[in-house]
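See structure below.
We did not get these values from a lab; they are worked out from the coordinates using the rules stated. In this text, all values refer to a predicted model and were calculated from it rather than measured experimentally. For neighbour counting, all protein chains shown are included, and Cβ atoms are generated from backbone atoms with ideal geometry for every residue, glycine included.
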Amino acid sequence: MSIIPKNFDDWKWCIEKKCGIPLTIEFARQRLAVYEDHSNVETQRFISNYGVEHLENIKNWMRIVLGSEEKKI
């Protein structure tokens, strides 16, 4: 696995297992709100460090979490 995950499963494993962060609907909503705001300093820093392509991947993966969690409710 690459340091920067290239697919949802690797990213999910990284977040939940390596970082110990539960991928809850609230977490996904909060992060997506930040990452969708390109004027946000944190988002600009993310783009600078990881690039726009990875940002788009993360946003898409957060949407997958939101869709998966909402189906459980």
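For the chain, would you read off the P(r) tail past 18 Å as a percentage of all alpha carbon pairs?
Percent of Cα pairs beyond 18 Å in the chain: 40.
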What number, rounded to the nearest 500 deg cm²/dmol, is the helix-based mean residue ellipticity at 222 nm of the chain, given -39500 (n - 2.57) per DSSP H run of at least four residues and division by all its residues? -20500 deg cm²/dmol
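I need to check one value: relative contact order of the chain, counting alpha carbon pairs closer than 8 Å and at least 6 residues apart, in percent.
Details: 42 pairs, mean separation 22.6, N = 73.
Once divided by the residue count of the chain, the mean separation gives 31 percent.
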In nm, give the distance between the simple-model label positions of E42 and K18, each being 7 Å from the Cα along the Cα-to-Cβ direction. 2.0
How do H54, H38 rank when sorted from fewest to most other Cβ atoms within 10 Å of their own Cβ? H38, H54
